[in-house]
Amino acid sequence: MKPELRVGVAGLGTVGASMVRQLQKKSNAFAARCGRTVRVAAVSARTRGRDRGIDLADVTWFDDPAALAAAPDIDVFVELIGGDSGPAEDSVRAALAAGKHVVTANKALLARHGVELARLAEDNGVSLSFEAAVAGGIPIVKTMRESMAGNDVSRVYGILNGTCNYILTRMEQDGLDFAACLAEAQRVGYAEADPTFDIEGNDTAHKLAILTSLAFGCEIDVDAIYLEGIASITSADIQAADELGYRIKLLGVAQRTDTGIEQRVHPTMVPKTSAIARIDGVLNAVAIDADVVGEVVLAGPGAGGNATASAVLADVADIARDIRVPVLGQPVAGLAPYKAAGMRMHEGGYYIRLAVYDRPGAFAEIARIMAVESISLESIMQRDRAGAKAGEAGAPQPVTLITYETTEAAVKRALATISAQNVIAGTPQMIRIEKLA
């Protein structure tokens with residue numbers, strides 16, 4: 001049997017504690033599968049005395065994660081601190097420079113510094129593994145980087161944030177508004193006290209940036225992602241989607257176009273018949289469209305201690321087995337510079353909700369503006385205004401439009417013109433409709 005693999009773990013929160021617990025609990029089985037003993041030799045965390053339900057009696061404690069990362073008594077450094085700078089970045093750089101293999105669940109760090117860290121790993125002949133950084137327990141990184149090496153990917157998309165998916169699911173199933181669902185998600189622990197990072201789409205964007213690099217062999221560029229969160233979604237949107245045969249999901253989408261690579265995160269109407277529409281609650285799913293295999297969809301738990309720890313342990317197992325692959329699917333020198341496609345050139349159908357003043361000529365003006373932008377309408381739904389009272393003539397009336405395929409630029413120009421004509425109240429709602437199998 002090969003020499004023991006000594007692991008150092010920085011960060012003993014939910015994921016770190018679960019990872020250590022599972023490795024200790026299944027040490028014999030893990031050794032049999034990997035062909036060598038794997039042992040947690042050292043750890044680092046902010047608080048020593050906290051009861052984490054794991055045995056640290058024979059484990060060396062480091063107060064400084066960067067010191068742990070460079071320690072001569074470990075072979076693998078597992079970074080579970082989080083954040084795109086500070087101790088997480090410093091310790092990962094220290095480990096790679098010291099010739100240690102690194103396993104991380106830190107999507108923010110990789111989205112900001114992934115290419116540079118991959119180059120540092122290559123220069124020092126070690127692995128930088130990050131299965132846990134994208135979609136939790138779903139083995140999407142290994143699938144894209146290794147299992148689909150013989151495919152050319154045209155599009156990758158998915159539900160990459162469980163908090164947003166939980167909120168949208170509850171809005172649909174229980175008829176609750178966004179604020180009530182967010183409060184419930186916070187109460188049961190699916191949303192942070194400050195949920196901004198999740199509901200505005202930033203978490204999804206970090207994960208998408210990594211998937212984009214793996215899919216298209218390009219450098220990571222998280223700043224090129226078009227970003228739109230779910231806070232503007234209303235019960236009226238959810239109901240309209242249902243009646244039209246759609247469900248609303250926050251998707252991260254990356255696809256290759258004639259002008260470059262398009263990356264976008266936004267609420268999306270997806271057909272109820274599509275696989276992605278059936279993913280509810282806190283689950284995640286990632287779909288890959290490729291030339292040889294066709295469409296592949298992977299679904300499962302996208303967060304949580306055990307699910308994320310499972311992905312961390314999978315990376316540790318690969319290192320124990322001496323499995324080495326390029327960090328981003330190919331050597332850094334072979335990565336193409338990221339070339340962004342114009343988001344405003346995106347083509348597809350659109351859902352538009354307007355509060356149209358109930359007076360002569362208002363809708364005719366809207367139709368005229370749409371025609372000027374060559375936008376054809378597939379359907380129009382007009383509802384009686386809720387709570388209307390006698391004498392309210394002229395009050396805004398909810399109107400829903402579904403367009404045939406058109407461009408993002410045309411829709412935004414039309415809505416800007418409509419808003420300036422005093423024929424609608426408030427801000428128009430626009431949700432993209434994605435073509436899915």
Out of 298, 250, sole residue that is within 23 Å of residue 185 (Cα to Cα), assigned to a strand (DSSP E or B), under 16 Å from the mean Cα position of the chain (by Cα) and not aromatic (Phe, Trp, Tyr): 250
Qualifying residue in segment 244-253 (condition: out of contact with any helix residue (DSSP H, G or I) (no Cβ under 9 Å at 6 or more places or on another chain), on the phi < 0 side of the Ramachandran plot and outside the structural domain of residue 351 (by TED's automatic domain parsing)): yes
Residue in segment 215-227 that is more than 30 Å from residue 325 (Cα to Cα), assigned by TED's automatic domain parsing to the domain that holds residue 169 and out of contact with any Pro (no Cβ under 8 Å at 6 or more places or on another chain) present: yes
Which listed residue is hydroxyl-bearing (Ser, Thr, Tyr), surrounded by fewer than 24 Cβ atoms within 10 Å (Cβ to Cβ) and not assigned by TED's automatic domain parsing to the domain that holds residue 182, from 310, 235: 310
Selection within segment 280-296 - under 30 Å from residue 20 (Cα atoms) and buried (at least 18 other Cβ atoms within 10 Å of the Cβ): 282, 283, 284, 285, 286
Answer from 181, 164 - the residue that is assigned by TED's automatic domain parsing to the domain that holds residue 217 and either touching an Asp or Glu at 6+ places or on another chain (Cβ under 7 Å) or within 18 Å of residue 308 (Cα to Cα) (or both): 164
Matching residues, segment 39-85, being over 29 Å from the mean Cα position of the chain (by Cα) and within 16 Å of residue 99 (Cα to Cα): 67, 68, 70, 71, 72, 73, 74, 75
Answer from 214, 251 - the residue that is closer than 14 Å to residue 159 by Cβ and at pLDDT 95 or above: 251
Count of residues meeting criterion [closer than 15 Å to residue 220 by Cα and part of a helix (DSSP H, G or I)] in segment 88-114: 8
Pick from segment 310-356, criterion more than 25 Å from the chain's Cα centre (by Cα) and assigned to a loop (DSSP other than H, G, I, E, B), ranking: nearest to residue 210 (Cα to Cα): 324
Flag for residue 110 being closer than 24 Å to residue 286 by Cβ and outside the structural domain of residue 202 (by TED's automatic domain parsing): yes
Residue that is among the basic types (Lys, Arg) and either modelled with pLDDT of 90 or more or not in a loop (DSSP other than H, G, I, E, B) (or both), where the choices are 413, 359, 385: 413
Output for segment 416-437, where each listed residue is at pLDDT below 95, over 20 Å from residue 234 (Cβ atoms) and under 33 Å from the mean Cα position of the chain (by Cα): 435, 436, 437
Identity of the residue in segment 232-283, in contact (Cβ under 8 Å) with a residue 24 or more places away in the chain and of a type in the set (Lys, Arg), that ends up nearest to residue 398 (Cα to Cα): 247
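The values are calculated or read from the model by the stated rules, or taken from the named source; none is laboratory data. Just so you know, these numbers come straight off a predicted model, no measurement behind them. All Cβ positions, glycine included, derive from the backbone under ideal geometry; neighbour counts span all protein chains shown.
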